[in-house]
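Below is one structure; the comments refer to it alone.
The values are calculated or read from the model by the stated rules, or taken from the named source; none is laboratory data. From a predicted model like this one, the values you see are computed outputs, not experimental measurements. For neighbour counting, all protein chains shown are included, and Cβ atoms are generated from backbone atoms with ideal geometry for every residue, glycine included.
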Amino acid sequence: MFTYLRSLFSNDLLVELSESKISIKVFSSDIKFEEEPYIAVENTKKGEIVKAIGKEAKRETATNITITNPFKHPRSFVADFMLAEKILQHGIYQIHKSRIRPAPRIIMHQLDKVEGGLTSIEDRVLRELAAGSGAREVIIYLGGKINTSVESFDSVKSRVSAT
């Protein structure tokens, strides 16, 4: 019931992930969020607190702040799942700007390290990242870039289901 109500306030999104940039685009709209995938985490007595994301994170210089790119790892695509999830949550909330937590349908498109396809673990990581960001439906897409002003979520979904 609540997922249905949240879906009324949500958009269909394309999330393109790479080591150098995160791009979240709304289908059939010019609304988008693009940011470098850096996150600054401050270690305090109460625990770890996210201080900044993106370019602002790279500017943080305090000694108790760690700056990380959770999508940079020599062997796999996601180095730190929790921080990657925080960056995606931030991007989705920046797009929706609503008091109601959104429940969008999301297409996850990994742009780096996809030679030979994805393993079942990499597939699950992408699905869990989207689910942790509030997605009610997730499609994993491998292939060329998607033009969100021309294509729709359903057209990409049918194309992925056919393969």
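Numerical summary
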{"quantity": "Qualifying residue in the range 58-70 (condition: buried (at least 17 other Cβ atoms within 10 Å of the Cβ), at pLDDT 95 or above and in contact with a Phe, Trp or Tyr (Cβ under 6 Å, 6 or more places away or on another chain))", "calculated": "yes"}
{"quantity": "Matching residues, the range 124-163, being in contact with a strand residue (DSSP E or B) (Cβ under 6 Å, 6 or more places away or on another chain), at pLDDT below 95 and within 25 Å of Arg75 (Cβ to Cβ)", "calculated": "none"}
{"quantity": "Of all residues making up the range 37-57, the number that are surrounded by 19 or more Cβ atoms within 10 Å (Cβ to Cβ) and of a type outside the set (Gly, Ala, Ser)", "calculated": "5"}
{"quantity": "Residues satisfying the stated conditions in the range 21-36, i.e. among the small types (Gly, Ala, Ser) and farther than 23 Å from Arg127 by Cβ", "calculated": "Ser28, Ser29"}
{"quantity": "Flag if Val150 is β-branched (Val, Ile, Thr), surrounded by fewer than 16 Cβ atoms within 10 Å (Cβ to Cβ) and either farther than 13 Å from Leu17 by Cβ or touching a His at 6+ places or on another chain (Cβ under 6 Å) (or both)", "calculated": "yes"}
{"quantity": "Cβ pairs under 7 Å, 6+ apart, first in the range 79-103 and under 15 Å from Gly54 (Cα atoms) and without any contact (Cβ under 8 Å) to a residue 60 or more places away in the chain, second surrounded by 14 or more Cβ atoms within 10 Å (Cβ to Cβ) and of a type in the set (Ser, Thr, Tyr)", "calculated": "Leu83/Thr68; Glu85/Ser133; Gln89/Ser133"}
{"quantity": "Cβ pairs under 6 Å, 6+ apart, first in the range 128-153 and among the hydrophobic types (A, V, I, L, M, F, W, C), second exposed (fewer than 15 other Cβ atoms within 10 Å of the Cβ)", "calculated": "Ile139/Val160; Leu142/Val114"}
{"quantity": "Any hit, the range 42-49, residues being closer than 27 Å to Arg105 by Cβ, in contact with a strand residue (DSSP E or B) (Cβ under 8 Å, 6 or more places away or on another chain) and of a type outside the set (Ser, Thr, Tyr)", "calculated": "no"}
{"quantity": "Given (1) assigned to a helix (DSSP H, G or I); (2) of a type in the set (S, T, N, Q); (3) under 24 Å from Asn43 (Cβ atoms), number of the condition Thr61 does not satisfy", "calculated": "(1)"}
{"quantity": "Residue list for the range 55-78, filter: in contact (Cβ under 8 Å) with a residue 24 or more places away in the chain and either out of contact with any Leu (no Cβ under 7 Å at 6 or more places or on another chain) or over 27 Å from Ile121 (Cα atoms) (or both)", "calculated": "Ile65, Thr66, Ile67, Asn69, Lys72, Ser76, Phe77, Val78"}
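Listed here are the residues, each with its yes/no results for (1) closer than 24 Å to Ser29 by Cβ; (2) acidic (Asp, Glu); (3) assigned to a strand (DSSP E or B).
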{"site": "Thr66", "(1), (2), (3)": "no, no, yes"}
{"site": "Pro70", "(1), (2), (3)": "no, no, no"}
{"site": "Pro102", "(1), (2), (3)": "yes, no, no"}
{"site": "Leu126", "(1), (2), (3)": "yes, no, no"}
{"site": "Ala131", "(1), (2), (3)": "yes, no, no"}
